[in-house]
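Structure, as structure tokens:
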Amino acid sequence: MRQFNVFKAACLLPALISAQCPEYIDYAKEIHEPSSSGKYKLAYQRPSEECRTFKNQALEDTITRLETVIHDPDLYRLFQNAYPNTLDTAIRWKGVAADNAEEELTFIITGDINAMWLRDSSNQMQSYLSLLNASSDPNSIASLYRGVINLQARYLLTSPYCNSFQPPVESGIEIALNNAASEDTVFPAYSNQSVFECKYELDSLGAFLQISTDYYRATGDYEFFGKFKWISAVEAVLKVAHDMMLPTYGPEGVVLESSYTFTRLTTRATETFSNDGIGNPVANGTGLIRSGFRPSDDSTIFQLFIPANMMFSTLLASTSEIMGKLNVGNSASLAQQMSDLSNSLHDAIETHGTVDHPTYGKVYAFEIDGFGSTAIMDDANIPSLLSAPFLGYRIDEQTYINTRNLILSATNPYYMRGPVINAIGGPHQGPGMAWPMASIVRILTSDNDEEITNELMQIVSSTDRLGLVHESINTFNQSDWTRQWFSWANGLFGNMILDLENRKPGILETSFQ
């Protein structure tokens, strides 16, 4: 469970850190003037220019340009605060590898936690995909991307089952304490000097492929992927994926040794694994990959987690294109392996990852075990079932429509309703707490103007005047929220506004007064 509040606002170079820069964890809890001129009087939450952790003129130009595109002053203020949040507050360090001055490294924190998640950092950078173009400038968005990819590759080669990591040694940043993990028992073993937390999540492996795809498609720079440790990291990812296809029992019933086990001393069932760390049994024959934890960092009930398999299948296909362009070692063979696994996973999802619901018809299951047990629900965090088209997964259209109707209704046990906001939540923050991230994903996957406008209204009206996208909000009390500084969700909101500018510009002329 994410319960850590360790961060000192840092400028890009440690020598430039100003003693006057407040801790953003505290700064973001306060109302700063000038307030927006709209009904909700939203605070201005960007740190002062000298305290921003990475500066980019294209970002500033985008924010300025959108002021005439977004007509509602509160919606614009939310965009103005949220879109730059990662660059403003979360680029904790940028530099180069100690053993190779050509190898760029970027350490990005999630926000209020002084560690780098594979998933979060990939999504935080995806916020700036529209600003990404080919550039060798070390102060460019492209350099940030390359730095994240290189550092993620290092992490994956160090501890490929882990999800969250400490600052690189080159940064000189002190490692962060994770008290919640102090009594974890994990196999394979890892070092606290490099790992912050070691929850195996298939989507974390997918996140590495995601940021690789994003960089390649925006820049065309495939040569970069042959220079450092990317190919070796992909090999590590494929090995984990292969090993985690192992079922619980062999043909004669013997219990097979799992390549990953996890237990934690905790009072929360979602923070540990059943059966002394191996989780609930998984059957053979589905062709799906197990995931110990969800993108919420909550443990799976049934380890064949369908959204992560959707994500992984999609991104294996796109990164196989990169691998296929590299004429290095066994890159051609790896590209074929990636393409084949992508196709087999898609077939496995469509064959085993669906269920006939008595009310909604054929739907995608959230989790299955291969024995016939399924979890019918959705969670706010990406990858989710709701986000499948956003991920680029080749959905069966009717199955997705049926699934969407189910998960956006009271049939989904984690669809939270109330006068403040109606959105999917999850067990991470529990019943009654809706996640704006799910509202954003709902907009990104909708073509219905009324639905989109309604979701926008709920998001803009439920920030408790703080003008940032919270992790979760009590559906009956907007002043009861978690994580006012959640960089990923803020960036995703900005991405969604830019998407609407392209798809539905008229909606951005709506007034929420």
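The values are calculated or read from the model by the stated rules, or taken from the named source; none is laboratory data. Because the structure is a prediction, the values reported are computed rather than measured. Heads up, the Cβs are rebuilt from the backbone with ideal geometry, glycines too, and the neighbour counts pull from every protein chain shown. The protein model used for the area step is the full one, side chains on, heavy atoms only, and it has no ligands, DNA or RNA in it. Shrake-Rupley method; radii C 1.70, N 1.55, O 1.52, S 1.80 Å.
List of remarks:
- Filter result for D243 (open to solvent by less than 10 Å² (accessible area, probe 1.4 Å) and among the acidic types (D, E)): no
- Counted residues, region 277-294 - those being of a type in the set (S, T, Y) and more than 21 Å from the chain's Cα centre (by Cα): 1
- Inclusion of G353 among residues that are open to solvent by less than 10 Å² (accessible area, probe 1.4 Å) and farther than 16 Å from E201 by Cβ is warranted.
- Being open to solvent by 20 Å² or more (accessible area, probe 1.4 Å) and among the aliphatic types (A, V, I, L, M) is true of A180.
- Exactly one residue among F273, F305 is in contact with a strand residue (DSSP E or B) (Cβ under 6 Å, 6 or more places away or on another chain) and farther than 13 Å from E367 by Cβ, and that residue is F273.
- Residues satisfying the stated conditions in region 274-318, i.e. assigned to a loop (DSSP other than H, G, I, E, B) and of a type in the set (A, V, I, L, M): I278, V282, A283, L288, I289, I301
- Filter pass, F196 being within 28 Å of M245 (Cβ to Cβ), in a strand (DSSP E or B) and open to solvent by less than 20 Å² (accessible area, probe 1.4 Å): yes
- Restricting attention to region 264-273, the residues that are open to solvent by 40 Å² or more (accessible area, probe 1.4 Å) and not in a loop (DSSP other than H, G, I, E, B) total 1.
- Pick from region 156-188, criterion of a type in the set (D, E) and touching a residue at least 24 places away in the same chain (Cβ under 8 Å), ranking: farthest from S122 (Cα to Cα): E183
- Of residues in region 294-324 being of a type in the set (F, W, Y) and open to solvent by less than 10 Å² (accessible area, probe 1.4 Å), the one farthest from S373 (Cα to Cα): F312
- Test: residue in region 503-512 that is open to solvent by less than 20 Å² (accessible area, probe 1.4 Å), closer than 22 Å to A388 by Cβ and touching a residue at least 12 places away in the same chain (Cβ under 8 Å): no
- Among the residues of region 453-495, those that are at positive phi and either modelled with pLDDT of 95 or more or crowded, with 24+ Cβ neighbours inside 10 Å (or both) comprise D464, R465, G467.
- Residue selected from region 371-397 under the condition surrounded by 18 or more Cβ atoms within 10 Å (Cβ to Cβ) and among the polar types (S, T, N, Q), by the criterion nearest to I306 (Cα to Cα): S384
- Counting only residues that are open to solvent by 50 Å² or more (accessible area, probe 1.4 Å) and either among the aliphatic types (A, V, I, L, M) or part of a helix (DSSP H, G or I) (or both), region 325-343 holds 8 of them.
- Taking every residue in region 65-79 that is among the aliphatic types (A, V, I, L, M) and pairing it with any residue that is assigned to a helix (DSSP H, G or I) and at pLDDT below 95, at least 6 positions away or on another chain, yields no pair with a Cβ-Cβ distance below 8 Å.
- Every residue from region 203-224 that is crowded, with 23+ Cβ neighbours inside 10 Å and of a type in the set (D, E, K, R): D203
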